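The values are calculated or read from the model by the stated rules, or taken from the named source; none is laboratory data. Fair warning: this is a prediction, and the values are worked out from it, not measured in the lab. Note: ideal-geometry Cβ built from the backbone for every residue, glycine included; neighbour counts use all protein chains shown.
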There are 2 protein chains.
Amino acid sequence: MDARMPTGTPQPAFVLIRPQMGENIGAAARAMWNFGLDRMRVIAPRDGWPNEKAVAMASGAGRLLDEAQLYDTTADALADCTFVYATTARPRGLTKPVMSPEAALADAAARTARGEKVAIMFGPERAGMENDDIARANVIITVPVNPDFPSLNLAQCVLLSAYEWRRATEAVAAERIEMAGAEWATTGDVEALATHFEQELDQAGFFFPDHKAASMKLNLRNLWSRMPFTRADVATLHGMLRQLLRPRG
Amino acid sequence: MDARMPTGTPQPAFVLIRPQMGENIGAAARAMWNFGLDRMRVIAPRDGWPNEKAVAMASGAGRLLDEAQLYDTTADALADCTFVYATTARPRGLTKPVMSPEAALADAAARTARGEKVAIMFGPERAGMENDDIARANVIITVPVNPDFPSLNLAQCVLLSAYEWRRATEAVAAERIEMAGAEWATTGDVEALATHFEQELDQAGFFFPDHKAASMKLNLRNLWSRMPFTRADVATLHGMLRQLLRPRG
């Protein structure tokens, strides 16, 4: 089994959401590259970009920071992805499948082998991910930690995910799968669909009463992101909505 | 599946060999406790013991340091163990089974469930383990890292091992095994046997020529530690050696 993984091989993007300490970004880069992953995306890092402390900590994996893609919002960072995982330890009150790192990265490896573009999100150090971010994920990844001491840090969480990716792809490599015929919707496609519905529903007075509007919108976003949509599905739903709103008669 | 793991549950000892930075010892304690492990042994830490920086870093897992057992030598630290794993990335030129973390910790879980006392060794940060230490292990654990960037640090190595322990014991819990009838030799038993043979062989002029003596001794130590000896086996071998040396006639 050749352990080498050329950087041209399709692989998930690891998306760091509003990371705080440069050291942690650097340590995350090292953890990724330890297992042959080099596609990092960074959303709104607290201390700006590039970050000297991240570079110092990443020694040997600095290339990942040089090549990292920077985004302002989670929606932008995920726009081209077809399937998204969010790592979080806490229950969120959102209906969403929860997978172990092993199951999730095996799933990610199978999807990647079929030509899908997947992303794995990691929340900021202290607060963890916000529900607005989680709602954009298709699946939640939860590490089976000691409930009396569940405090994994960012780089540890990245390390375990990258390790499971490596394990999964070593297994999948033997049974590589043909590209499936269907073309999956991207997160950007689903985002546009969600926005289309949200705007029209808002105008229709659906989000009522006012103090419940925010959580109703969140739950709806979450509903869309749970669905395994193809691009054709999304086009159909847009068409349905437009048709429903067309003046009668 | 209850994720809680009471500290009374049998579990492997994690043995840190001559660790250097207190921060790394503290981070290793955190990583262990993240997955419910709390039996740490420390051999000859560079900066003495207790170590303030270790305590500061361990926050929340400080109890592991308070309860850690301190030893001067690897032989002492392993004396009561029946099966020992050594984590190392580099090939060592010693004949020794090599396992992935997954396979090794599944093996460790099965042995622990049968009443064996197992230990997992982690080398010092920079240099890694010495061959003298490795030769005392029954099995080598190697993490399948990116060969272009294999630099896992101590706490990362501990984290992956503890994570695999957790995964393995969740699986084993369903099919707990009865205590086996045989009583395994401890590492201390095997050490005493190895020393007995080494001394007698030395007197017999076996380790010749002089410049090869060290590597011959290392290989012999390694041979003993590879064997799945029972206490009865060890007693038999001591007896055989004594008998062979008894004056004839």
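Apart from one condition, B:LYS96 fits all of (1) outside any loop (DSSP other than H, G, I, E, B); (2) under 14 Å from the mean Cα position of the chain (by Cα); the exception is (1). Pairs linking a residue in the range A:58-74 that is surrounded by 13 or more Cβ atoms within 10 Å (Cβ to Cβ) and β-branched (Val, Ile, Thr) to a residue that is outside any loop (DSSP other than H, G, I, E, B) and modelled with pLDDT under 95, with Cβ atoms under 8 Å and 6 or more positions apart or on different chains, are A:THR74/A:ASP132; A:THR74/A:ASP133.
Among the candidates A:VAL42, A:VAL84, the residue that is crowded, with 21+ Cβ neighbours inside 10 Å, touching a residue at least 60 places away in the same chain (Cβ under 8 Å) and in a strand (DSSP E or B) is uniquely A:VAL84.
Of the numbered criteria (1) surrounded by 14 or more Cβ atoms within 10 Å (Cβ to Cβ); (2) among the aliphatic types (A, V, I, L, M); (3) under 30 Å from B:ALA113 (Cα atoms), the one B:ALA232 fails is (1). Within the range B:156-169, the set of residues being more than 8 Å from chain A (Cβ to nearest Cβ) and among the hydrophobic types (A, V, I, L, M, F, W, C) comprises B:CYS157, B:VAL158, B:ALA162, B:TRP165, B:ALA168. Any residue in the range B:47-56 that is more than 21 Å from A:CYS157 (Cα to Cα), away from every other protein chain (no Cβ under 14 Å), surrounded by fewer than 23 Cβ atoms within 10 Å (Cβ to Cβ) and among the aromatic types (Phe, Trp, Tyr)? The answer is yes, given that some residue of the range B:47-56 is more than 21 Å from A:CYS157 (Cα to Cα), away from every other protein chain (no Cβ under 14 Å), surrounded by fewer than 23 Cβ atoms within 10 Å (Cβ to Cβ) and among the aromatic types (Phe, Trp, Tyr). Within the range A:202-249, being in contact (Cβ under 8 Å) with a residue 40 or more places away in the chain and of a type in the set (Ser, Thr, Tyr) holds for A:SER225, A:THR230. On the basis of being among the acidic types (Asp, Glu), at pLDDT below 85 and loosely packed, with under 14 Cβ neighbours inside 10 Å, does B:GLU170 make the cut? Against the criterion (among the acidic types (Asp, Glu), at pLDDT below 85 and loosely packed, with under 14 Cβ neighbours inside 10 Å), B:GLU170 does not qualify.
Being of a type in the set (A, V, I, L, M, F, W, C), touching a helix residue (DSSP H, G or I) at 6+ places or on another chain (Cβ under 7 Å) and touching a residue at least 40 places away in the same chain (Cβ under 8 Å) is the requirement here; does A:ALA89 meet it? So A:ALA89 does not fit the description; no. Scanning the range B:141-154 for residues that are over 11 Å from B:PRO101 (Cβ atoms) and either crowded, with 24+ Cβ neighbours inside 10 Å or more than 10 Å from every other protein chain (Cβ to nearest Cβ) (or both) gives a single hit, B:LEU154.
Here is a check on your reading of the model: is A:ALA79 within 25 Å of B:LEU152 (Cβ to Cβ) and of a type in the set (Gly, Ala, Ser)? Before the answer, list the steps.
Values: within 25 Å of B:LEU152 (Cβ to Cβ): no; of a type in the set (Gly, Ala, Ser): yes.
So A:ALA79 does not fit the description; no.
Tell me whether the range B:140-161 contains one or more residues that are aliphatic (A, V, I, L, M) and under 21 Å from B:PRO228 (Cα atoms). Yes; the residues of the range B:140-161 include at least one that is aliphatic (A, V, I, L, M) and under 21 Å from B:PRO228 (Cα atoms).
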